[in-house]
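To keep things clear, I will list the structure first and then write my remarks on it.
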Amino acid sequence: MNIIERGQAFLQGLREQAARGPWEWRRCPRCGDTLTCKYGRYRRRPWGLQGRQDVAVQRHWCHGCRRTYSEQAAWLVRGSWYARDVHRCVLDHWQHGRLSVRRTAELVRSWLGQQERWQLWRPLSAPPLEPARCGLSASTVQRWLNRAGEAARRTVPGQLAGVPTSGQLATDGLWARLRANTTRVVLLLTDSVSGVVWPPVVATGEHEPGQWQRLFVRARGAGLDATALWGVTSDGATGLAGYLRQHWSWVLHQRCVFHLWRNLGGELAARRAEAAQGLAKRAAQTAQRQARRELVALVRAVLNAPDEAAAQAALGPLAAHRRGAGLAAALRPHVAAAHVCHRPFTRQLVRVSPEWCWRDFRLGLGHGRNHGSVARLERAALRWAVYANFTPAQVRRERKRTYRSAGLCPLARAGVPPGVVSYLDALGV
């Protein structure tokens, strides 16, 4: 059962529970016997998005198994002071609204109890009495987040089974500093065409092939078909290159062009400084701009060439430039890897590593790095991956530009639209 089917089953269970009438509740949920009788009531006062409510819960006693049971409402969460809509609102506020747990608790608490910031929104409203104030705390929000992260971790086996893949993948890592000066890296694998994010892993580093093996083993357990792969884009991590050579030798490795440009930054700065030696200030600035313009144009001709042969031919003018020998020497080993995306079977491979995924992951106040422990960091990454796969892109309308994936989520772009199922249903919230 993949993640969409889990969400559909959860949503269908809520609908069936909400549709159960008094006669359906006469049947014991444990033994199925209908020889039952009412056995009193108890009251609950849960907080909902409409405020605090007073609910009478009917209890029953079964003659067959001689045990009691209670009628359950779909909008109530067993053992919680807050209704299901509050749980879902809090998780969506933190995940989609990019807030901290304290600010999330404060905003939702103000809304439920018409207190605190509610008085800023409606200054003519009278503040509630002390017994009527909502007490939602940041620790409660964090506990709900941990529970959703654990649900995401349990759904990893077979999470994306049956989801088509283009065979063109991209991978990257995000470093995070945890408690006690501990550093870990979150390794990510995504489809270059659909944008589907496979379940990430938290590793100790990027230089060991074994750490990347954990990522690909988890992706295969989640449903990735390894035989359909053609290429992988990365920033040139040595561990990934070693793993591909050892285990997936048929997969082509595309180097991230952005990281190649960044690696050339020191050489470009040195050549600019060389062009300004012995010149006055204005003349030095003019010479530096001219040298940088010439070198950048030559490097761009190599990296933006239409194919590998044209890139190799463009290396000649760069090496012949009076200040381009060092840049040509630095680029020459990576020319073939920088143009893997121009080969017949890898034309849909992206040329840059998926930095945009980490930009989305780090939009919150903690920038994706303040989770403290390895377990919390992994739960946050797995929870975000489910959220990213179900969340559609914004619907944008412009006169001169069209967006291919406007209003579509990665699962829909992959060919398996989730429909009315949301990431909260997939996590069982």
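The values are calculated or read from the model by the stated rules, or taken from the named source; none is laboratory data. Predicted model, so just to flag it, every value in this text is computed and none were measured. No Cβ is skipped: glycine too gets one built from the backbone with ideal geometry, and neighbour counts run over all protein chains shown.
Taken together, the residues in segment 139-183 that are of a type in the set (A, V, I, L, M, F, W, C), part of a helix (DSSP H, G or I) and not assigned by TED's automatic domain parsing to the domain that holds Q211 amount to 6.
In segment 184-199, of all residues being touching a helix residue (DSSP H, G or I) at 6+ places or on another chain (Cβ under 7 Å) and not in a strand (DSSP E or B), the one that is nearest to C256 (Cα to Cα) corresponds to G195.
Residue by residue, here is whether (1) in contact (Cβ under 8 Å) with a residue 60 or more places away in the chain; (2) farther than 30 Å from Q394 by Cβ; (3) in contact with a strand residue (DSSP E or B) (Cβ under 6 Å, 6 or more places away or on another chain) holds:
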| position | (1), (2), (3) |
| --- | --- |
| A283 | no, yes, no |
| T286 | no, yes, no |
| A305 | no, yes, no |
| G316 | no, yes, no |
| V335 | no, yes, no |
| V340 | yes, yes, yes |
| T346 | yes, no, yes |
| A375 | no, yes, no |
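Could you pull out the residue among A412, A385 that is in contact (Cβ under 8 Å) with a residue 40 or more places away in the chain and in a helix (DSSP H, G or I)? Checking each option against the conditions leaves just A385. Go through (1) buried (at least 16 other Cβ atoms within 10 Å of the Cβ); (2) farther than 30 Å from A414 by Cα; (3) not hydrophobic (A, V, I, L, M, F, W, C) for P333 and report which single condition fails. Condition not satisfied by P333: (1). Applying a threshold of 7 Å to beta carbon distances and a minimum spacing of six or more residues, or different chains, the list of pairs starting in segment 201-226 at a residue that is under 18 Å from G149 (Cβ atoms) and ending at one that is of a type in the set (D, E) and surrounded by fewer than 22 Cβ atoms within 10 Å (Cβ to Cβ) reads V202/E378. Residue count for segment 91-109, restricted to those that are free of Cβ contacts under 8 Å to residues at least 12 places away in the same chain and closer than 22 Å to V386 by Cα: 1.
For segment 27-43, the tally of residues that are surrounded by 12 or more Cβ atoms within 10 Å (Cβ to Cβ), closer than 25 Å to D54 by Cβ and over 46 Å from the mean Cα position of the chain (by Cα) stands at 2.
When residues in segment 26-46 are screened for being of a type in the set (D, E, K, R) and in a loop (DSSP other than H, G, I, E, B), 4 of them pass. Can you confirm whether segment 70-90 contains a residue that is surrounded by fewer than 20 Cβ atoms within 10 Å (Cβ to Cβ), farther than 23 Å from R147 by Cβ, in contact (Cβ under 8 Å) with a residue 12 or more places away in the chain and in contact with a His (Cβ under 6 Å, 6 or more places away or on another chain)? No, because not a single residue in segment 70-90 is surrounded by fewer than 20 Cβ atoms within 10 Å (Cβ to Cβ), farther than 23 Å from R147 by Cβ, in contact (Cβ under 8 Å) with a residue 12 or more places away in the chain and in contact with a His (Cβ under 6 Å, 6 or more places away or on another chain). Among the residues of segment 113-120, none qualifies, meaning not one is at negative phi, at pLDDT 90 or above, among the aliphatic types (A, V, I, L, M) and buried (at least 16 other Cβ atoms within 10 Å of the Cβ). Those helices (runs of 4 or more DSSP H) of segment 203-291 in which at least 3 residues are farther than 23 Å from P157 by Cβ and in contact with a Gly (Cβ under 9 Å, 6 or more places away or on another chain), considering only elements entirely within it, cover 257-263, 265-275.
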